[in-house]
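Here's the structure we're looking at; comments come further down.
The values are calculated or read from the model by the stated rules, or taken from the named source; none is laboratory data. Just so you know, these numbers come straight off a predicted model, no measurement behind them. Note that each Cβ is placed from the backbone with ideal geometry, even for glycine, and that neighbours are counted across all protein chains shown.
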């Protein structure tokens, strides 16, 4: 028990030390606090993206889904590749525009390109409303793991309180730099924790080979779609593949990681690296399926991994693996809290309350926003129940809607602000109705987020084709920026008959994203 408490103490103390050390390199500006002065290097970029992308949803929810619904979560191997490809293709263009026009939030890019204050508000609202529930599941999952790892000595409410106290301390002093540094530690712990947990637990039934042989004999429905409950077929496979990757990628915490990168060439390796990292889910397969054999009938599937670790592994080893799981939650929660504070500070406070705020004032507001939204998430964790994957997918389905106007902004001259607004509102309304109103059941077994994206995309394309933009200077400014991007990173695309840049209508410089 003493060793387990020491493991948890180290898990809490090390990030605060890292945050204090990183703070020595910080500069007292909003750009440094929110996007590390756009100077994040390759190692930090990979680990902070991977650790932020994986969460309690991945560590606990993946085991629970294999345990209850069979192989549908294997789509995680594919959605990691999709996430990596989007980070390369979309993220690199977002980074280029962010560096060109000094963007810090999703609303900056979309509000500037579409030249719409209303859209700016809609985007900020979507990012806030759908990030907070996902933040809640990080706190719920992380606090539960700390409670179990301590043998119940640290109660859930106290574990949650400690969880956010640690995050607030190191993000307060070090901003996104402290998050990136701690994510290197968290990412490594998470990867090896998931893999080793699966290997060790499956050894209790004779190893992976024996596990699948026994599962084939006792519960073959766990090995094929639509799973033992008959509800997780190919439509849900596709839904998870699309919504999880797109929703996480469009989360404001990932936008900040796109803006923070030092060099555009750092984006090129992300599809490969994230694809390799996806093999950590092999551990979840082994853990979840072993649970079917050893611990059938667990009331809360999210607890299957901790239950098996505490029952079948030495207590210190179990505590160490559970601490790795808590790092999955903390590495996502720290980024989400930081991203939410960025939106509140830059999109609301500086734009609508005090446009002339000093850099010190902006950073101060950002820090106090960390405290406010941590408190909101803490209260939700204590009062709002829910299964991790269910809450997570609903939240991701909301943020996924932002991909439509984003792709329009980085590729299409005709993309229209009215189309972007109505597409987003319709997509989000579709997600909410199909998720929370029983009368609006999702057709054909596809998740509400898929139908929301379909409706969003159709409205966006049709309205953009029917409407005409009159802000030619804005359109040309972005067209020139996209041409400059192609000239630097994809020069082969310029031999397509388009007029050279010198003949294009001169773009007016962006005075400010805000």
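Before moving on, here are some points about what is shown:
- For segment 291-301, the criterion of a residue being modelled with pLDDT of 90 or more, more than 28 Å from the chain's Cα centre (by Cα) and within 28 Å of residue 170 (Cα to Cα) is satisfied by no position.
- Residue 192 vs. criteria touching a helix residue (DSSP H, G or I) at 6+ places or on another chain (Cβ under 8 Å) and within 26 Å of residue 271 (Cβ to Cβ): yes
- Any hit, segment 50-72, residues being in a loop (DSSP other than H, G, I, E, B) and either under 19 Å from the mean Cα position of the chain (by Cα) or modelled with pLDDT under 90 (or both): yes
- Segment 154-205, residues that are surrounded by fewer than 23 Cβ atoms within 10 Å (Cβ to Cβ) and either touching a strand residue (DSSP E or B) at 6+ places or on another chain (Cβ under 7 Å) or over 25 Å from residue 309 (Cβ atoms) (or both): 165, 168, 169, 172, 173, 181
- Test: residue in segment 8-25 that is closer than 30 Å to residue 99 by Cβ and without any contact (Cβ under 8 Å) to a residue 60 or more places away in the chain: yes
- On the stretch given as segment 206-233, residues that are touching a residue at least 12 places away in the same chain (Cβ under 8 Å) and under 17 Å from residue 444 (Cα atoms) total 7.
- Residue in segment 320-342 that is at negative phi, surrounded by fewer than 24 Cβ atoms within 10 Å (Cβ to Cβ) and at pLDDT 90 or above present: no
Residue-by-condition table, conditions (1) assigned to a helix (DSSP H, G or I); (2) under 25 Å from residue 31 (Cβ atoms); (3) over 18 Å from the mean Cα position of the chain (by Cα):
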position: 173; (1), (2), (3): yes, yes, yes
position: 180; (1), (2), (3): yes, yes, no
position: 191; (1), (2), (3): yes, no, no
position: 196; (1), (2), (3): yes, no, yes
position: 199; (1), (2), (3): yes, no, yes
position: 203; (1), (2), (3): yes, no, yes
position: 209; (1), (2), (3): yes, no, yes
position: 213; (1), (2), (3): yes, no, yes
position: 216; (1), (2), (3): yes, no, yes
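- Within segment 143-158, the residues that satisfy the criterion of being within 27 Å of the chain's Cα centre (by Cα) and under 13 Å from residue 319 (Cβ atoms) are 145, 146, 147, 148, 149.
Condition check ((1) more than 16 Å from residue 404 (Cα to Cα); (2) touching a residue at least 24 places away in the same chain (Cβ under 8 Å); (3) surrounded by fewer than 23 Cβ atoms within 10 Å (Cβ to Cβ)) across all residues:
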| position | (1), (2), (3) |
| --- | --- |
| 44 | yes, yes, no |
| 50 | yes, yes, no |
| 63 | yes, yes, no |
| 106 | no, yes, no |
| 117 | yes, no, yes |
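- Residues satisfying the stated conditions in segment 22-41, i.e. at pLDDT 85 or above and in a helix (DSSP H, G or I): 30, 31, 32, 33, 34, 35, 36, 37, 38
- Test: residue in segment 85-100 that is outside any helix (DSSP H, G or I), over 19 Å from the mean Cα position of the chain (by Cα) and modelled with pLDDT of 95 or more: no
- Hits in segment 302-319 - residues which are modelled with pLDDT of 85 or more and under 15 Å from residue 69 (Cβ atoms): 304
- Test for residue 286: is it in a helix (DSSP H, G or I), modelled with pLDDT under 90 and more than 21 Å from the chain's Cα centre (by Cα): no
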